[in-house]
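Please read the structure below before turning to the comments.
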Amino acid sequence: MSTETVARERVSTTRITRWILGETGIGLALLALIVFFVIAAPNFATSTNLANIQTQITLNTILAAGITFVILVAGIDLSVGAVLALCAMIAGLVITSDLPTGLAVVAAVFAAVLTGLACGLVNGVVSETWAIPSFIVTLGMMNIARGAALQTTDAAAVFGFPEGFNRFGTATFVGIPSVFLIAVAIIVIGHLVLTRTVFGRMLFAIGNNEESVRLAGHRTKGYKVAAFCISGALAGVAAIIYMTRLHTATPIIGNGYELSAIAAVIIGGTSLFGGKGSLVGTFLGACLLGVLTNGLLLMGVGDFARQMVTGAVIILAVIIDYYRQRLSSRLALASP
Amino acid sequence: MTAEGPARTGGGSAVVPGPLLAVEGVTKVFPGVTALDGVGFEVRPGEVHALVGENGAGKSTLVRVLGGVHGPDLGTMTLDGAPYAPQDPAEALAAGVRIVHQELSVLPNLTVAENLFLERLPRRFGVVDFRQANRDATDLLARVGLDVSPRTRMGELSVAQTQLVEIARALAARARLLVLDEPTATLTAHETRRLFEIVRDLRSMGTAVVYISHHLDEIFQVCDRVTVLRNGRHVGTHPVGDLTSADLVRLMVGREFADDHPFPGDVTPGEVVLAVDGLGVRGLDATVSFDVRAGEIVGVAGLVGAGRTETMRALFGADRADGGTVTVGGRRVTIRRPRDAVRAGISFATEDRKAQGLILPMGGDVNITLAALRKVTRGGLLRRDAERAQAAAMASRMRVKAPDITTAVGTLSGGNQQKVVLARWLYRDARVLIMDEPTRGIDVGARHEIYAIVAELARQGRAIVMVSSDLPELIGMCHRILVFSRGRVVGDVPRAEFDHERLLSLAYSGFLNGARPEPEGGDRVD
């Protein structure tokens, strides 16, 4: 075997590996899963069920999109589920206030997004100012937001939202649930931001090597804080969508949502170490999780077993991430 | 020991022992690069065997193959006659092959003693016998001439001290084959001499040492034979006594190499561009003042730990400065963070390119435009095509060799990585360029390309500060050399007065008066 052959083979295996480990691989896995359920799960391939899945993955997609920004700068946001609850409670109080209906709805949306933004701002500023790992800060925020949500109404639920507001949750546009379209719009806009703007470039650069970016003359902390703000604000958006779906807001909602969202991000190929990933991947990750849950349900797999399968998929995703890391470090070692 | 293998090269002794390590036809291919191409050489017991070659010649890969990090794609190795094919570093260690890497691998939160005996801490009644460990550690530290307590946390040591601990660790493991990869990169002359003594000790005990260094003079001082690699191929193995350093360089680069530096003697420094006055630097005994003119290359010499890097970092805003003023082009600037410095036209190519300069997994385009993204932005959107084109143009001006401008810079050689860093600052059009160890870890050929670039930048009227531990390089390239010693500037020597010995004695001056570590006020040596 000549050196050239070795070289050629190595290059081609690397390309294939990278391809499989990247977004294409997730897409293929999703496709395989869909094919499997079309065959194995009764009623999976109906238009009603398709719309169901789209609605079911909406919240997770939006939250996961926000967390992607944070994970890209090598942070983590555990607070989104609790922040969603707090945003929903505040929006619920605004929307059921004495304001005229139209104004109340607009004010509620603003209140939810701003509340989320504020929580994200606190997460970002605290972890950047005192160099506290965001894992700790957002764990604290998770408790603060949950407590605050309970405090707003002394744990009571808020309901009685305007008719039109509630209808949005089940509305469709050309047969597609409107809430899902919002999620897709967020993914598309977010993807453009990450790939086409200076802001997106800085997030990737910071996630890979913050010190280099700082020494190139940038204030890195601001960008990182902004990532947390995006995550918080999107939790606010998710809160509104939740309310239009359930027609109520209670302080205990959103429990564990952060974990599903992080799972979608990881499955989608964004590296927990920061600097690598994409929102398209995150979207595919959320779809994969949603399809998996839905399909298993239709196959009659019990709730408990379903939870186990989902957990296994998350671990599998992290294992794949390990190989991805190894691949890129092998590429980096290629210079002797 | 009896003579077994054929004596290929004389070596002078009557009985030539069989090889301890024999490498045959080792080939290692990475995506797009053939790092090693049928390399073969032998190391005898009790021999100090130098391994030289430019960066990219395959030395580091060969070391990784020896240490079990990579398996070879083709070829075999034998150790003491037995097949040697380590699957991982642990197997290599178990076989008695110990690598002291350029990148140090210590645990900063453990003590020196714990690091020394990490693999096998002495035990008594099932628990670690720390007293024994500390006693053994003291002996080992004395052997490498390092005066620190074994109870010191690793993280508190300087890089040079850490390097010595790494070498002591190899002694502790009683390796049969010790590989030293650029062991003197961070050592002072004194520490280097001590290292040579240790290496000679090891040799007399029958340990084989593979010695890798860019400093050819070290090879002539301490090595018996030298193997030269070029482009992943074995060029030759010769007794050191048969070669001159010019021969060696010729073997390495494959062509005659002029040793002169492209000093821009035609440039007369213009008006003062950078003026630093009374800069307070943490850890330094005195404030620092100096200025640099347009087209002037000012060298900064000194031993490791003299405060050179600290001064540059404070000037650039990477660390906080305690007072002082900085003036750029006659305008006073307040520098609190790197961003302020960059905006004022100062740039800084750090000594650690990988951790503090480049974004290794990202492309050359991203790395080059990082400090001047505005140039390729319209309405907040990146113009990717323009970015790639402009970065590629800048890269070719800097003679960066890369398959593609978007190739991850982590896959490039050290010399090309440094050129990418310079390209970034040039793309930003910085007036002041501070370079900290610009040629460290860079091979001879790329080094001269970088000198040529620096000279060119001086001709363009930029003010250049060149911090380096390589005195010949400073003497060759600079208009003026500032000498730091133990936290103060002890000399500002113009080119006409350059003298290797004088500069060196200036650099040592702070260490001569009194052996006490604390500074002695008012003691001026000149």
Original post:
On the given criteria, is B:LEU360 more than 9 Å from chain A (Cβ to nearest Cβ) and either not aliphatic (A, V, I, L, M) or not in a helix (DSSP H, G or I) (or both)?
Top reply: no
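Looking at B:ARG169, B:ARG120, which one is in a helix (DSSP H, G or I) and either without any contact (Cβ under 8 Å) to a residue 60 or more places away in the chain or open to solvent by less than 60 Å² (accessible area, probe 1.4 Å) (or both)? Spell out the reasoning first.
Values: B:ARG120 fails: in a helix (DSSP H, G or I).
Checking each option against the conditions leaves just B:ARG169.
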Original post:
What's the number of the condition B:ARG176 fails, among (1) open to solvent by less than 10 Å² (accessible area, probe 1.4 Å); (2) within 19 Å of B:VAL65 (Cα to Cα)?
Top reply: (1)
Subject >> Residues located in region B:367-378, provided they are at the interface with another protein chain (Cβ under 7 Å from one of its Cβ atoms) and part of a helix (DSSP H, G or I) >> reply: B:LEU370, B:ALA371, B:LEU373
**OP:** Working carefully through the options B:THR350, B:THR369, B:THR334, B:THR377, find the one that is of a type in the set (Val, Ile, Thr) and under 22 Å from B:VAL467 (Cα atoms).
**Re:** B:THR350
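I need the helices (runs of 4 or more DSSP H) fully contained in region A:39-133, keeping only those with at least 3 residues that are of a type in the set (Ser, Thr, Tyr).
Values: elements: A:47-72, A:80-95, A:101-129.
Helices (runs of 4 or more DSSP H) meeting the threshold: A:47-72, A:101-129.
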Original post:
Looking at region B:499-507, is at least one residue modelled with pLDDT of 80 or more, more than 24 Å from B:GLU351 (Cα to Cα), over 19 Å from the mean Cα position of the chain (by Cα) and assigned to a loop (DSSP other than H, G, I, E, B)?
Top reply: yes
Subject >> Filtered residue count, region A:26-78, keeping only those that are out of contact with any helix residue (DSSP H, G or I) (no Cβ under 7 Å at 6 or more places or on another chain) and free of Cβ contacts under 8 Å to residues at least 12 places away in the same chain >> reply: 9
Original post:
Does A:VAL291 count as modelled with pLDDT of 90 or more, open to solvent by 20 Å² or more (accessible area, probe 1.4 Å), of a type in the set (A, V, I, L, M, F, W, C) and under 22 Å from A:VAL188 (Cβ atoms)?
Top reply: no
**OP:** Note down all Cβ pairs under 7 Å where the first residue falls in region B:334-347 and is closer than 18 Å to A:LYS221 by Cα, the second is among the polar types (S, T, N, Q) and in a loop (DSSP other than H, G, I, E, B), and they're at least six residues apart or on different chains.
**Re:** B:ASP340/B:THR334
Subject >> Candidate set: region B:310-357, residues that are under 18 Å from the mean Cα position of the chain (by Cα), at pLDDT below 95 and open to solvent by less than 40 Å² (accessible area, probe 1.4 Å); chosen: the one farthest from the other protein chains (Cβ to nearest Cβ) >> reply: B:ARG353
Subject >> Only one of B:VAL226, B:VAL253 that is under 30 Å from B:ARG143 (Cα atoms) and either open to solvent by less than 60 Å² (accessible area, probe 1.4 Å) or in the same structural domain as B:GLY81 (by TED's automatic domain parsing) (or both) >> reply: B:VAL226
**OP:** For B:GLY283, state whether it is part of a strand (DSSP E or B) and either under 17 Å from B:ARG488 (Cα atoms) or in contact with a strand residue (DSSP E or B) (Cβ under 7 Å, 6 or more places away or on another chain) (or both).
**Re:** no
**OP:** Find the residue count for region B:378-405, including only residues that are at negative phi and surrounded by fewer than 16 Cβ atoms within 10 Å (Cβ to Cβ).
**Re:** 13
**OP:** Please work out which one of (1) modelled with pLDDT under 80; (2) in contact with a Pro (Cβ under 8 Å, 6 or more places away or on another chain); (3) within 14 Å of chain A (Cβ to nearest Cβ) is the condition B:VAL128 fails and give its number.
**Re:** (3)
**OP:** Quick one: A:ILE16 ticks every box in (1) in contact with a helix residue (DSSP H, G or I) (Cβ under 9 Å, 6 or more places away or on another chain); (2) modelled with pLDDT of 65 or more except a single one, so which number is it?
**Re:** (1)
Subject >> Qualifying helices (runs of 4 or more DSSP H) (wholly inside region A:166-284; at least 2 residues being within 14 Å of chain B (Cβ to nearest Cβ) and in contact (Cβ under 8 Å) with a residue 40 or more places away in the chain) >> reply: A:178-196, A:198-215, A:220-246
Original post:
Tell me, which residue of region B:70-106 that is in contact with a helix residue (DSSP H, G or I) (Cβ under 6 Å, 6 or more places away or on another chain) and assigned to a loop (DSSP other than H, G, I, E, B) is nearest to the other protein chains (Cβ to nearest Cβ)?
Top reply: B:ASP73
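When you look at B:ALA393, is it under 29 Å from the mean Cα position of the chain (by Cα) and away from chain A (no Cβ under 11 Å), yes or no?
Values: under 29 Å from the mean Cα position of the chain (by Cα): yes; away from chain A (no Cβ under 11 Å): yes.
Yes.
Quick grid of which residues meet (1) touching a residue at least 40 places away in the same chain (Cβ under 8 Å); (2) closer than 27 Å to B:THR34 by Cα; (3) touching a Ser or Thr at 6+ places or on another chain (Cβ under 8 Å):
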{"position": "B:HIS190", "(1), (2), (3)": "no, no, no"}
{"position": "B:ARG194", "(1), (2), (3)": "yes, no, no"}
{"position": "B:VAL209", "(1), (2), (3)": "yes, yes, no"}
{"position": "B:HIS215", "(1), (2), (3)": "no, yes, yes"}
{"position": "B:HIS234", "(1), (2), (3)": "yes, yes, yes"}
{"position": "B:SER245", "(1), (2), (3)": "no, no, no"}
{"position": "B:VAL253", "(1), (2), (3)": "yes, yes, no"}
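Yes or no: B:VAL29 modelled with pLDDT under 90, within 14 Å of chain A (Cβ to nearest Cβ), open to solvent by 10 Å² or more (accessible area, probe 1.4 Å) and farther than 18 Å from B:ASP224 by Cα?
No; evaluated as a whole, the condition is false for this residue.
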**OP:** From B:ARG462, B:ARG488, grab the single residue that is surrounded by 13 or more Cβ atoms within 10 Å (Cβ to Cβ), in contact with a Leu (Cβ under 8 Å, 6 or more places away or on another chain), at pLDDT below 90 and of a type in the set (D, E, K, R).
**Re:** B:ARG488
**OP:** Could you tell me which residue of region A:224-257 is nearest to A:THR61 (Cα to Cα), considering only residues that are in contact with an Asp or Glu (Cβ under 9 Å, 6 or more places away or on another chain) and hydrophobic (A, V, I, L, M, F, W, C)?
**Re:** A:ALA235
Original post:
Do the conditions hold for A:GLY300, that is, is it small (Gly, Ala, Ser), farther than 15 Å from A:SER79 by Cβ, free of Cβ contacts under 8 Å to residues at least 60 places away in the same chain and surrounded by 23 or more Cβ atoms within 10 Å (Cβ to Cβ)?
Top reply: no
**OP:** Considering each residue of region B:123-147, count those that are without any contact (Cβ under 8 Å) to a residue 40 or more places away in the chain and open to solvent by 40 Å² or more (accessible area, probe 1.4 Å), and give that number.
**Re:** 15
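Hey, could you check region B:290-309 for residues that are in contact with a Pro (Cβ under 6 Å, 6 or more places away or on another chain) and not small (Gly, Ala, Ser) and say which is least open to solvent (accessible area, probe 1.4 Å)?
So, considering only residues that are in contact with a Pro (Cβ under 6 Å, 6 or more places away or on another chain) and not small (Gly, Ala, Ser), the one least open to solvent (accessible area, probe 1.4 Å) is B:GLU296.
Which one of these is open to solvent by 30 Å² or more (accessible area, probe 1.4 Å) and not β-branched (Val, Ile, Thr): B:PRO150, B:PRO86, B:PRO72?
Numbers: B:PRO150 fails: open to solvent by 30 Å² or more (accessible area, probe 1.4 Å); B:PRO86 fails: open to solvent by 30 Å² or more (accessible area, probe 1.4 Å).
On inspection, the qualifying residue turns out to be B:PRO72.
The values are calculated or read from the model by the stated rules, or taken from the named source; none is laboratory data. Model, not experiment: these values are computed from the prediction. All Cβ positions, glycine included, derive from the backbone under ideal geometry; neighbour counts span all protein chains shown. The accessibility values were calculated without ligands, DNA or RNA, using every heavy atom of the protein model including side chains. Shrake-Rupley method; radii C 1.70, N 1.55, O 1.52, S 1.80 Å.
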